[in-house]
Amino acid sequence: MRIVVAVKYVPDINAERRFVDCRVDRDPGVGTLNELDENALEAALRILDALPEDERAASEVVALTVAPADGDVALRKSFQMGVDRAVRVTDDVLAGSDYFGTATALAAGVRRLESDGAPVDLVITGMAALDGLGSVVPALVGAELGRPAITLAKKVDVADGVLTVGRETDEASETLTAPLPAVLSVADTANTPRMPNFKLIMAARTKQIEQWSAADIGIDPSAVGTAGARTEALSAAPRPARAEVELVVDKGEGGTALAEYLIRNELV
Amino acid sequence: MSEPTRNRTVLVLLDPATEVRSSALELLTIARGLGRVEAVTLEAPTVEVLAQLGAYGVETVHQAEVPTGVLRDAGGDGALHLPSVVAATLASAVRRTDADVVLAPATFGAKEAAALAAHALGAGLVIDAAAVGEDADGRVVAGKRVFAGAWDTRCAVTADVAILTVRANAVVPEPAEAPVATEVDALPVELPAGTAGVVVTSREVKERTSGRPSLEEAAVVVAGGRGTGGDFGAVEEFADAVGAAVGASRDAVFEGWFDRYIGQTGVTIAPRLYVGAGISGAPHHRGGMQASQVIVAVNSDPEAPIFEICDFAVVGDLTDVLPQAAAAIRAHREG
Ligand SMILES: Cc1cc2nc3c(=O)[nH]c(=O)nc-3n(C[C@H](O)[C@H](O)[C@H](O)COP(=O)(O)OP(=O)(O)OC[C@H]3O[C@@H](n4cnc5c(N)ncnc54)[C@H](O)[C@@H]3O)c2cc1C
Ligand SMILES: Nc1ncnc2c1ncn2[C@@H]1O[C@H](COP(=O)(O)O)[C@@H](O)[C@H]1O
C-alpha cells in the first residue's frame with residue numbers, strides 16, 4: 001500500500017493572520033501544518049498500522065506539500081506523526097496559484113512518485129485548509145488524476161482494493177465506495193490525531209526532505225501560479241474593529257438587559 | 001437594484017428542486033443584478049417551486065437528464081446528488097446556454113460541484129463569496145470575508161465563465177418587479193469518464209423537522225456550548241422566543257448534546273444576530289461565526305475570550321439569563 005497525504009503549510013489560527021499584497025502572509029513565525037491535515041495523516045497511518053507486518057514493511061506514507069521552503073515546518077510535523085517520506089514542491093512559477101494550480105501541482109507530484117513504478121493507491125487530504133476554507137482541492141486532485149474522489153469521510157475502510165467511506169453531510173448519512181486508486185478527504189470527526197512520541201520527534205529533525213521544482217515534475221508553467229490563475233486578487237484589508245463591547249454583569253437583571261438590548265436594536 | 005451593464009446569462013443551481021430555500025432566493029436576487037437568470041435542477045421542480053422561480057424572474061429551468069444506466073451503476077437515485085453528477089450537469093448547462101456566470105449555495109457538496117464544473121470548463125472559481133458585483137470592465141467581482149471574518153478581500157474573475165458559491169445572508173431576497181411564466185427544459189447530461197467509480201451504497205436523507213429555520217440560512221442563531229452542562233433547554237427556549245435557529249460548539253456536539261456545530265469545520269454562518277451561551281469563543285468556533293452582524297454572548301466567566309468579539313455581553317449563568325430574557329421578549333412581542 002502506498003499512500004500520499006497532501007499537507008498544507010498555513011498560518012496558525014491562534015496567531016495574528018494577515019495578508020501582504022493580497023497574499024496570505026506565511027511568515028515562518030506563524031506558519032504551521034494545517035491542523036485538519038493531521039486527521040488525514042492519522043487516517044493514512046491507521047490504514048498502514050492495520051496491515052500485516054510484511055505488508056506494512058513494503059508500504060509507505062508520503063507527505064506531499066506545495067509550498068515555499070518554509071513549508072518544511074508542515075513536513076517535519078508529518079515526520080513526527082510517523083510518515084516515511086516527505087516531498088516539497090517549490091517553484092517561483094507556483095506563486096499565486098489558485099485552487100486549480102494547487103491541484104495541478106499536487107497531481108504532478110503524485111505522478112512523479114509513481115514514475116518509479118509503484119502506484120499510489122490513495123491520496124488523502126484534510127477536509128479544508130484553514131487559511132482559505134475552500135474544501136475543493138481534494139475533488140480537483142481527483143479530477144486531475146482521473147481518479148474517483150470521496151470527500152469528508154467520517155469512517156474509512158480499505159479492503160480488497162476498495163475504499164469504503166461513511167460520511168455525514170448536512171443532507172444525508174451516506175456510505176460510498178470507490179475502487180483504488182482513489183482520492184479521499186477526511187473530516188475532523190474521523191479520528192483523533194496521535195501525539196508524536198519522543199523517538200519520532202528526535203528522528204524528524206534530521207530526516208531528509210526531498211524537493212522538486214515545477215520542471216522536475218513536468219508542470220506546464222503557464223497552467224499554474226499567477227499565469228494560470230483564473231481570478232485576480234484586487235484587495236485585502238482588515239475589517240474595522242468592532243465597537244467596544246457593552247458588558248452587563250448579571251445581578252438578577254441580566255436577562256432583562258439582554259432583552260432590552262435586542263429590542264432597542266430591533267434585532268427581535 | 002441596479003441594472004446589469006452586460007447582457008449576461010446567469011445560471012443558479014437549485015438542488016434539491018423540491019423546495020426553494022432562502023439561500024436560493026438570495027442567489028436568484030444576486031443573479032438578476034448580473035444578467036438574465038435561469039435555473040438548473042437535477043430533478044423535476046414541484047409546482048410550488050416553479051411558482052417561486054417565476055416570482056423571482058426565472059423563465060427557464062434546465063432539468064438534467066442523467067443517463068439512467070450510469071446512475072444505476074453509481075447506486076441509483078442517491079447518486080443524483082454526487083458532486084461529479086451535479087458538476088457535469090452545470091457544465092452541460094453552461095455549454096448549452098452559453099452562460100457567463102453560475103451561482104451555487106455554499107454547501108460542501110455544491111462547492112465541490114462548482115469546482116469540478118469550473119475544472120471541466122476552464123472557468124474561474126470563487127468559494128463562499130459574501131458579495132457579488134462587477135467592475136468597470138464588466139468582470140465579475142466577488143467579496144469574501146476571510147480569517148474568521150477579520151479581513152475583507154475582493155477578487156475579479158478573469159476567465160470567460162465565472163462560477164461562484166455564495167454564502168447565505170449575502171443579500172435580502174427580492175422578487176422580480178413582475179412575475180414571469182417558468183418553463184422546464186430538458187438538459188441532456190453526459191457524464192465524463194474518469195469520475196466514474198464512486199458508488200453510493202446507502203443514503204439516508206436527514207429530515208428537517210424542528211420547525212426552526214435552518215442553521216446556515218437563519219437571520220438569528222442561538223448557540224449553546226459546554227457551559228450548558230448538557231441541558232439545551234434554556235438555549236432552545238430563548239431561540240424559540242426570538243425565532244432563531246439553534247446550533248452548538250463542537251465540544252457540545254462531541255458530547256452528544258446536540259447535532260450540529262458552528263465553526264470552521266462545522267457550519268459557517270453570518271446571520272444578523274448570533275447569540276452564544278456557555279461558549280468560550282475558541283478560534284475554531286469564531287472562524288464560523290465572527291462574520292455575524294451583531295454578536296451577543298452569555299458566559300459566567302468575565303474573562304471569556306468570546307467577549308473580545310461581542311457587541312453586547314452578559315456575565316452570568318445562562319440558566320438564569322436566558323429564561324429571563326426569553327420571558328421579556330415574549331412579553332414585548334405580545335404587548
Ligand atoms: C481541528 C479542530 C477543529 C475544530 N473545529 C471547531 C468548530 O468548527 N467549532 C467549534 O465550536 N469548535 C471547534 N473545535 C473545538 C474548539 O477548539 C473548542 O474546543 C470548542 O469550541 C470549545 O467549546 P465550548 O466553547 O462549548 O467549550 P469551552 O471552551 O469549555 O467553554 C465553555 C464556556 O462556558 C462557560 N460556562 C460554564 N458554565 C456556564 C453557565 N452556567 N452559564 C454560562 N456560561 C457558562 C465557561 O465560562 C466557558 O467559557 C475544533 C478543534 C479542533 C482541534
Ligand atoms: N498547497 C498545498 N499543499 C499540499 N496540500 C494541499 C495544499 N492546498 C490544499 N491541500 C490539501 O487539500 C486539502 C483541502 O484544501 P482546500 O481545498 O484548499 O481547503 C487540505 O486539507 C490539504 O490536505
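Treating only the Cα positions of the protein assembly as shown as identical point scatterers, give the base-10 log of I(q)/I(0) from the Debye formula at each q in 0.09, 0.11 Å⁻¹.
Normalising to I(0) and taking log10 leaves -0.72, -1.09.
So, in Å, what gap is there between the alpha-carbon centers of the range B:284-335 and the range A:38-59?
A separation of 45 Å, based on Cα centres.
Mind checking which of B:ALA291, B:ILE306, B:GLY281 is farthest towards the positive end of the range B:209-334's charge dipole, using Cβ charges of +1 (Lys, Arg) and -1 (Asp, Glu) about the Cα centre?
B:ALA291
May I ask you to compute the full-extension gain from B:ASN7 to B:GLU19, defined as 0.36 nm times their residue separation minus their alpha-carbon distance, rounded to one decimal in nm? Provide the component values of the computation, followed by the final result.
Numbers: separation 12, 0.36 × 12 = 4.32 nm, distance 2.87 nm.
Length difference between fully extended and current span is 1.5 nm.
Going by alpha carbons, how many degrees (0 to 90, nearest 10) lie between the helix axis of B:233-242 and the longest principal axis of chain B?
Compared with the principal axis, the helix lies near 60 degrees.
What ranking of A:THR151, B:THR153 emerges when the number of other C-beta atoms within 10 Å of each C-beta is taken as an exposure proxy, fewest first?
B:THR153, A:THR151
Only counting other Cβ atoms within 10 Å, I'd like B:ILE30, B:ILE163, A:ILE47 sorted with the fewest neighbours first.
On the way: B:ILE30 25, B:ILE163 32, A:ILE47 21.
With the fewest neighbours first, B:ILE30, B:ILE163, A:ILE47 line up as A:ILE47, B:ILE30, B:ILE163.
Check every DSSP H run in chain A and write down those whose alpha carbon atoms cover 18 angstrom or more along the long axis and whose mean Kyte-Doolittle hydropathy is 0.0 or greater.
A:36-49, A:99-114
Among A:CYS22, B:CYS155, which comes first, second and so on when ranked by fewest other beta-carbon atoms within 10 Å?
Final ranking by Cβ density, sparse to dense: A:CYS22, B:CYS155.
Taking Cα centroids, how far is the range A:155-178 from the range B:5-24 in Å?
Using only Cα atoms, the two centres lie 30 Å from each other.
I'd like the FRET efficiency for A:LEU200 and A:ALA243, computed as 1/(1 + (r/R0)^6) with the beta carbon distance as r and R0 of 51 Å, rounded to 0.05.
Numbers: r = 48 Å, r/R0 = 0.94.
Calculated value: 0.60.
Can you tell me the FRET efficiency between B:VAL184 and B:GLN293 if r is taken as the Cβ-Cβ distance and R0 is 35 Å, rounded to the nearest 0.05?
The computed FRET efficiency comes out at 0.40.
Roughly speaking, what is the stretch gain from B:GLU237 to B:ASP135, that is 0.36 nm per residue apart minus the C-alpha to C-alpha distance, in nm to one decimal?
Contour length minus Cα-Cα distance gives 32.1 nm.
Among all the aspartates and glutamates, which ones have a C-alpha under 14 Å from B:LYS206's C-alpha, if same-chain residues fewer than 8 places away are not counted?
A:GLU168, A:ASP170, A:GLU171, A:GLU174, B:ASP259
With each pseudo-label sitting 7 Å past Cα toward Cβ, what's the A:ASP116-A:LYS155 distance in nm, one decimal?
About 3.5 nm, to one decimal.
Between the range A:182-215 and the range B:75-94, what's the alpha-carbon centroid distance in Å?
34 Å
Counting just the Cα atoms, what span does the range B:209-334 cover along each of its three principal axes? Round to the nearest Å and put the largest first.
38, 35, 28
Past the 28 Å Cα-Cα mark, which pairs from A:LYS155/B:LYS111; A:LYS207/B:LYS144; A:LYS8/B:LYS144; A:LYS77/B:LYS144?
Violating the 28 Å Cα-Cα cut-off are A:LYS207/B:LYS144; A:LYS77/B:LYS144.
Report, in degrees rounded to the nearest 10, the 0 to 90 angle that the Cα long axis of helix B:22-32 makes with the longest principal axis of chain B.
Rounded to the nearest ten degrees, it is 50.
Kindly express, to the nearest 10 degrees and within the range 0 to 90, the angle between helix B:108-121's C-alpha long axis and the longest C-alpha principal axis of chain B.
That helix lies at roughly 30 degrees to the long axis.
All of the numbers you see were taken from the coordinates with simple rules; none came from a lab. It should be emphasised that the depicted structure is a prediction, and the values quoted were computed from it without experimental measurement. Virtual Cβ from ideal backbone geometry, glycine too; neighbours counted across all protein chains shown.
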